[in-house]
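The values are calculated or read from the model by the stated rules, or taken from the named source; none is laboratory data. Bear in mind that the values here come from a model prediction, so they are computed numbers and not experimental data. FYI the Cβ positions are ideal-geometry reconstructions off the backbone, even for glycines, and counts take in every protein chain you see. Please note that ligands, DNA and RNA were not included when accessible areas were found on the heavy atoms of the full protein model with its side chains. Shrake-Rupley method; radii C 1.70, N 1.55, O 1.52, S 1.80 Å.
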Amino acid sequence: MIYASDLDRTLIYSLNAIGVPENTPGLVPAEVVDGKTVSYISQKALADLMELTSRIIFMPVTTRTIAQYKRINLFQDTIIPDYAITSNGGNILIGGEVDKSWGASVGRLVQNESAAAEEVRMHVRSVVHEEWIISERYCDDLFYTFVVVRDLLPMDEITNLAERLYDLGWRVSLQGRKLYVVPAAVNKSDAIVHVRRTVRSEPMVASGDSLLDKSLLESADYAIAPCHGEIFAEQQSGLVKSRYPFTKQAGVFAGDEILQYVNMIYNNLTVLGVGPL
């Protein structure tokens, strides 16, 4: 069985996202930068994940760049996955090394199917004013991340921007203070389908919280999302009816319920004789 999961706000949580005081019992540092803990995982979720990874294939699937993924101590020192998908699907790491053939194929698709990055940047800048942007980054030569003052963003205009960029072959996702602008070919679903063919393991469980995770969840046999983030907001709006369950808890302890769900699926499949495959 494969368990493929988004990381931030799904399994690991920054100080802005944990939803509880930092000194709450049951939190374990997941990422330490310059001696300071910048993200946490629930102690119970970590224990369940460590136990599961001894029996299944676990794959982190993240929008983080390669460098940002590699600074997560948890997945460099404690749980070391054989495969990891970074850059929102733009890069695949095998044994910690970049799969160059996959990166080249994604690059060709982006060039053929999406508008040029600078053209898209100009569209964003025409809507998101300079004083609303804290920082801008072109990540792994694939997509943009804008850290913004969210309260100042005109959401109607962001929605209209997303529609315009959709026609140009790009996708927009607002996650907390981060506005992601990503070519359609750079997606988690295509990357996970590629890795599934490689590892030849079925079935797959997935988890994630943002619109950039929707393709990942839809490509899985079983999926779960936390009751926070864009996917949950869509569900709450009544405009979208998701086929997968949501956790009861928001914040860092949603990870406990996510791992309970994955473990339940594994146990059920094992009874049927397919879990260990």
For region 70-196, what is the convex hull volume of its Cα atoms per residue in Å³? 112 Å³
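What FRET efficiency would be calculated for the residue pair TRP132, HIS194, taking the C-beta separation as r and a Förster radius of 30 Å, to the nearest 0.05? Write out the running numbers ahead of the final one.
Values: r = 37 Å, r/R0 = 1.22.
In this case the efficiency is close to 0.25.
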What is the extension gain from GLN43 to GLU119, computed as 0.36 nm multiplied by their sequence separation minus the C-alpha to C-alpha distance, in nm to one decimal? 22.9 nm
Can you classify region 1-70 as rounded, prolate or oblate using the Cα gyration tensor, where a ≥ b ≥ c are the square roots of its eigenvalues, rounded means a/c under 1.5, and otherwise it's prolate if a/b beats b/c and oblate if not? oblate
Reduced to Cα centres, the span from region 107-129 to region 223-263 in Å works out to 31 Å
Reported to two decimal places, what Rg/Rh ratio describes region 183-277 when computed on Cα atoms with Rh from the Kirkwood expression? 0.99
Taking Cα atoms only, helix 117-127 is inclined relative to the longest principal axis of the chain by an angle, in degrees rounded to 10, of 70 degrees
Solvent-accessible area of MET122 with every protein chain in place, 1.4 Å probe, in Å² to the nearest 10: 120 Å²
Take ARG55 and LEU272, extend 7 Å from each Cα along the Cα→Cβ direction, and tell me the distance between the two endpoints in nm. 1.6 nm
How would HIS228, HIS123 rank on accessible area, largest to smallest, probe 1.4 Å? HIS123, HIS228
Report, by chain and number, residues whose modeled amide H sits under 5 Å from the one on CYS139, excluding near sequence neighbours (fewer than 5 apart, same chain). TYR144, THR145
Quick one: helix 155-167 against the long Cα principal axis of the chain, what's the angle to the nearest 10°, folded into 0 to 90? 90 degrees
Taking every other residue with Cβ under 12 Å from the Cβ of ILE56 and scoring Lys and Arg +1, Asp and Glu -1, one gets -3
VAL33 versus GLU163: modelled label distance in nm, points set 7 Å from Cα along the beta carbon direction: 3.6 nm
The correct ranking of LYS178, LYS241, LYS188, LYS214 by accessible area at 1.4 Å, largest first, is LYS241, LYS178, LYS214, LYS188
Cross-link partners of LYS214 among aspartates and glutamates (Cα-Cα below 15 Å; sequence separation of 8 or more within a chain): ASP6, ASP8, ASP190, GLU230, GLU234
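What is the mean projected area of the alpha carbon convex hull for region 1-143, to one decimal in square nanometres?
10.8 nm²
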Degrees, to the nearest 10: 188-199 long Cα axis against longest axis of the chain: 40 degrees
With 22 Å as the limit, write out which pairs from LYS44/LYS248; LYS70/LYS100; LYS36/LYS70 have Cα-Cα distances beyond it, or answer none. none
